[in-house]
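Remarks on the structure that follows.
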């Protein structure tokens, strides 16, 4: 990214709309089925917040693992709920006017 003399940020390519990327490293989610499940949750929750996000590229990166002793199944409802809750909190920080609703 390069900056001009004014305060606008110039990108190497024009971005039309909201772009979202998901990074789930093997370090934090060993099994591919777990990584895919987490990515699906990222894309699903981000679709709910898409209209509130700035029109630019966004990246969601898993920075810590989920305890395998607590989430035995890679696609358990408990894991999906935990991931979804974390993502709702994350997206509510990006756009504070959006309220986080509880999901069961």
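Table for the structure above
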| read-out | value |
| --- | --- |
| Hydrodynamic radius by Kirkwood, which averages 1/r over all alpha carbon pairs of the stretch 14-93, in angstrom | 13.2 Å |
| Protection proxy ranking, peptides 56-64, 29-37, average beta carbon neighbours within 10 Å, highest first | 29-37, 56-64 |
| Added length on full extension, which subtracts the Cα-Cα distance from 0.36 nm per residue, residue 81 to residue 64 | 4.5 nm |
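Read-outs: derived from the displayed coordinates by stated rules, not from any lab. Because the structure is a prediction, the values reported are computed rather than measured. Note that each Cβ is placed from the backbone with ideal geometry, even for glycine, and that neighbours are counted across all protein chains shown.
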